[in-house]
Amino acid sequence: MEMVLIDEKGGKIHALIRKELVYLFQNKLKEGEVYKLSNFDVVPVVGFYRTTLHPYKLIFRSNTKVQNFASSDIPILGFSFTDLAEVASYSVNYDYLIGNFDLKNLTNFVIFID
């Protein structure tokens, strides 16, 4: 399970729950809710694509703690817009995900990372 998490400053980080651990978290995480997380790994991003500009990603462990957290400081949307001319200049091998989206079906996922 892969996701992008956002903090109260609008910072975004790629997060991963390995398939063998999804059963532990699938009913604890709800899109649009705010959580406090602890006991996770932070590792450098490697691979063929990046979901954020952050150089690290967060990986859930079997003992990662997920707590509901009441906060209105987390931004609802975490978009980072780039000028169309800049996007057009990217090569086929650009490392970050780009594309289009449907605002009518947009949902959000916010998590507070302590």
How much length would be gained if the chain were fully extended between residue 31 and residue 89, taking 0.36 nm per residue of separation minus their Cα-Cα distance, in nm to one decimal? 17.5 nm
Trypsin sites (Lys or Arg not before Pro) within the range 24-58: which are DSSP loop residues with at most 12 other Cβ atoms inside 10 Å? 30
Please sort by residue number the chymotrypsin sites (Phe, Trp or Tyr not before Pro) in the range 16-62 whose DSSP state is loop and whose Cβ has at most 12 other Cβ atoms within 10 Å. 48, 49
Quick one: which residues, 5 or more positions from residue 33 or on another chain, have an amide H under 5 Å from its amide H? H modelled 1.01 Å from N in the peptide plane, none for Pro or chain starts. 110
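Throughout, read-outs are computed from the coordinates displayed, never taken from laboratory work. Quantities reported herein were computed from a predicted structural model and do not represent experimental measurements. In this analysis, Cβ positions are derived from the backbone assuming ideal geometry, glycine residues included, and neighbour counts consider all displayed protein chains.
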